[in-house]
Amino acid sequence: MFPRFPRFPRLDSFSFWIGFLVATFFWWVVASLRPFFRQISANARARREAARARSTVSVEEHYRQLALRRAQTMHLAAALFSLDEIALPPLLLAPPPRVEPGVVPPMEDIVSATIPYLPSWPELASIYKAPLLTLAQALSGNSDIVLAGHSGSGKTVALAYLTSRLVRREPEDGLPENILPFLVHVADLELPLSKDNEPLDALINCFIEEMPLADRARFPQFVRQVFTAGRALLLLDGTDELTPEGLKPVIEFIRALKRAYPRTRIVTTALPEYLDGLVTLNFIPLTLAAWDAERRAQFLQKWGDLWTRYVAVEAWVQNVAPPVDPLLLNHWLLADTTILTPLELTLKAWGAYAGDILGPTPLDAIETHLRRMTPAGAPRAALEMLALQTHLAVAPVFEPRQAREWVKSFEPAATAGEAEAAPESEAGETSQAAGDEDKASQRNKGKSQKAKKTVAAPAPSAGLISRMADSGLLASHPRNRLRFVHPVFGGYLAGKALATYPTDALLHQPPWAGKMLALQYLAAFGDVTPLIGDLLARVDRPLARNLLTPARWLRDGNRTQPWRGRLMAKLAELMQEEGLPLGLRGQAVAAFVVSADSGVPLLFRQMLQASSAELLQLAALGCGAVGDVRAIKDLSGLFSHPSPNVRRAAALALAAIGTMPALEALAGALLHGDEDLRRAAAEALANHPGEGHAMLREGATLKEDLMVRRAVAYGLGRIDAPWASELLNQLLADDQWVVRTAAADILERREQPDPRIPRRLPPPAESPWLIAYASKQGLGVSPDKPPVDLLLQALNSGEEDERLAALTYLRAYPLEGVFAALYHAMYGGDPVLREAVFQTFWEMAARGVAVPDPHQFGVG
């Protein structure tokens, strides 16, 4: 039997067809409306994305406003003027261009060929107008950089200036338009990082409390988006104030941030001689340029105009002293040729215009400002004791509880107990450093404007530390921490205290800014003869730091102390020692110039009688740097010397002296010298904005002498001004081909990227020249093994450009064999290689490498 299948129910044909038609119509309607539904969905998605974008834009705009407010107060005169009103654009000393085998080297001008590169003594370069870079240019090479400079050189202002420009979207050549800066002080970061924290959390916490309430929930995600997209520029201030131990968690923070967000670019700060840890992270150190006479005049002109417009009209100023014409004040300030840091010039101008300056020296300017900031009734000894204890404890950032313990003996009896019991928050709000400094500056403005006549009395229960924070002498940071508002103030006060309470504990500390400053000011107020004797007894070849570190003390040091003569004699010996690199001997010249000692011009003039070409070069530069008019005749006589560098140095020195007899000597060299001397004279005249530029204008139209016009073209090439470019373009139509060729070469060089802009060094295995060199030797370059042997072979037997290029990699390998090869290259008789190797040693020492004595390798 067959299986029996179930029966299907009978369908009504009419109902079936009605259902079929209805279903068909329904799906036809659905299919027809599908594009409409898609459009509705897309519109909703677009609205959500637009809302999210508006939210992000809102957060970014509010953050930009916050960053601008903070940056505008990050300078000492914030109580009087905003940063935009008073700041000069910061400039950096351009390093020598990196040598790349196979690449045509850039043309050297008179300054690059004559002035040694001295990153720890930038004053000499500023006098002779060495090539400079802007911060944006330095960053255009897509590298992380360290702003190096001594305390007071303007590192914080440089970071704040760049931040202000970027958050306002003002164009900066070399930087992307959408880059967003994040400027923080290291004391604001919660370091060290915990294992569970993302590195950005520490940065977000520095800003989130000051963001509008409506943006705080979205701010963390906004910051992460900016860093992920590679739009972030982290500006880390205050690293130059830390000890080597305190720098370690900062290094770990940077390393963690770079791992998580490798496209982030970073700018931080350091002392020129102490870059420990930063260079190993591939940071490129660049030194802030010192202010030359022209920039000092620009700053004082700004200060005078702003003071007259905003400050002099206030009643408290008119009641303190009768007004003085700003022209007279600026003339008095500029007449002093002592080389000052931007901080010192700012304080000196403030004291001169306020009428409370104590004297003409940098020490007087600092003392005047400290008195202006000292809270009413606060014993000066308490300030000095606090500074001394922070330096002895190696604690640039400290807690209020520590500070109160250090100064409790100076607390008034009625308030001592209250100060002890006061909560730690009394010493300052746990807000951002810049915000606190702004508030403190505003409070300090009232105190300074009263000129200590109507200073508001502090609350009876406030302790000394609280009042110091309120006056602006101490800056507050998150987690209830404090620091001196500027390390110079802490170092000055500690130096004065050391003169009263001598101790050798400071001498055994690792190198850090506080130690260096305290010793510098101790030399001004106490007797450091035993310390100098100990330093001079040491041997520190090849860097001579035992001489050059205390050489910074000469300018402010007590001029009656016996240590000055001993130190200056040793510096003179260093300057005259043949065979040493000019990069070392030039530091001795700079030390003499900065010392402002009355006997220095005579010393340089005596050295002009030497027979050594290198010593004549250094002595000529020294004479020009101190403006010795009595050396003009001897300098003019050097135009007949066979050494090109001696003649160039003489020309630069005459332009730096700048008197009419000096400029006439240069004019004579331009008109009657040989080809090289004419060019040297023209390039030197470019350093003199007045008569020197006028002579070049005239020389460009001197039809009778084509050699003058050719030389003038090179002089105009050193002047960054529209009129100079216009004259160069006119010389392109000259009827003599030698003039046209010179002008064309200079204009073409201007259109090319600046070879001095630092760029990230590729790994050895990716270096084109090293791969090519290895191929010539029948070798390869492994990415897994450092090619030390190959680099040493290039250093010992390669062409000159290969030898110089090898140094850029060998500085990363502090091995005994490397040191031996470097020393033999330095003392091998090649002056170019000698200078490059010395610079390599200097950079290795700055990052913490112990450079051995050359005698260990049988040289020196």
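Coordinate-derived values only; no laboratory data. Model, not experiment: these values are computed from the prediction. Cβ sites come from the backbone with ideal geometry, for glycine too, and all protein chains shown count toward neighbours.
A few remarks follow.
- When 760, 295 are arranged by Cβ crowding within 10 Å, least crowded first, meaning fewest neighbours, the order is 760, 295.
- In order along segment 207-214, the phi-based Karplus estimate (6.51 cos²θ - 1.76 cosθ + 1.60, θ = phi - 60°) of 3J(HN,Hα) comes to 10, 5, 5, 9, 7, x, 4, 5 Hz; Gly and Pro are listed as x.
- Couplings 3J(HN,Hα) of segment 612-620, computed from phi: 6, 5, 5, 5, 4, 4, 5, 5, 4 Hz, in residue order, whole Hz [Karplus 6.51 cos²θ - 1.76 cosθ + 1.60, θ = phi - 60°; x for Gly and Pro].
- R0 of 41 Å, Cβ-Cβ distance residue 726-residue 766: FRET efficiency to nearest 0.05: 0.40
- Relative contact order of the chain, defined on C-alpha pairs under 8 angstrom at six or more residues apart (%): 12 percent
- Counting every pair of alpha carbons in segment 293-359, the share spaced more than 19 Å apart comes to 26 percent.
- Segment 764-857, relative contact order [Cα under 8 Å, separation at least 6], %: 20 percent
- For segment 807-829 and segment 364-399, distance of Cα centres in Å: 45 Å
- 51 Å tail of the calculated P(r), the chain, as % of Cα pairs: 24 percent
- The GluC sites (Glu not before Pro) of segment 96-201 meeting both criteria, a DSSP state outside H, G, I, E and B (loop) and at most 13 other C-beta atoms within 10 angstrom of the site's C-beta, are 108, 177.
- Working note: 222 nm ellipticity from helices only, DSSP H runs with n ≥ 4, each -39,500 (n - 2.57), summed and divided by the residues of the chain, gives -17000 deg cm²/dmol to the nearest 500.
- Coil-residue GluC sites (Glu not before Pro) of segment 682-780, DSSP, other Cβ within 10 Å capped at 13: 704
- All-pairs alpha carbon distance profile, segment 764-857, 10 Å steps from 0, percent: 16, 50, 29, 4
- Antiparallel bridges, percent of DSSP beta bridges restricted to the chain (to nearest 5): 35 percent
- Sorting 674, 634, 504 by the number of Cβ atoms found within 10 Å of their own Cβ, with the fewest placed first, yields 504, 674, 634.
- Segment 265-373 - percent relative contact order, Cα under 8 Å, separation 6 or more: 20 percent
- Low-density loop cleavage sites - trypsin sites (Lys or Arg not before Pro) in segment 64-149, where at most 12 other Cβ are within 10 Å (DSSP): none
- Column: log10 I(q)/I(0), Debye, Cα scatterers of segment 677-754, q = 0.14 Å⁻¹: -0.37
- Order of 703, 496, 302 - criterion: other Cβ atoms within 10 Å of each residue's Cβ, fewest first: 703, 302, 496
- Share of Cα-Cα pairs in segment 165-223 lying beyond 12 Å, as whole percent: 72 percent
- Members of 129/515; 129/155; 195/515; 155/248; 155/515; 258/515 lying beyond 23 Å, as alpha-carbon distances in this model show: 129/515; 195/515; 258/515
- Amide H contacts of residue 180 (H built 1.01 Å from N, in plane; Pro and chain starts excluded): 232, 233 sit under 5 Å, all sequence-distant by 5 or more or on other chains.
- Amide hydrogen proximity for residue 287: with H placed 1.01 Å from N in the peptide plane, the residues at 5 or more positions away or on another chain lying under 5 Å are 93, 148.
- Rg/Rh ratio calculated on Cα atoms of segment 61-287 (Kirkwood radius): 0.97
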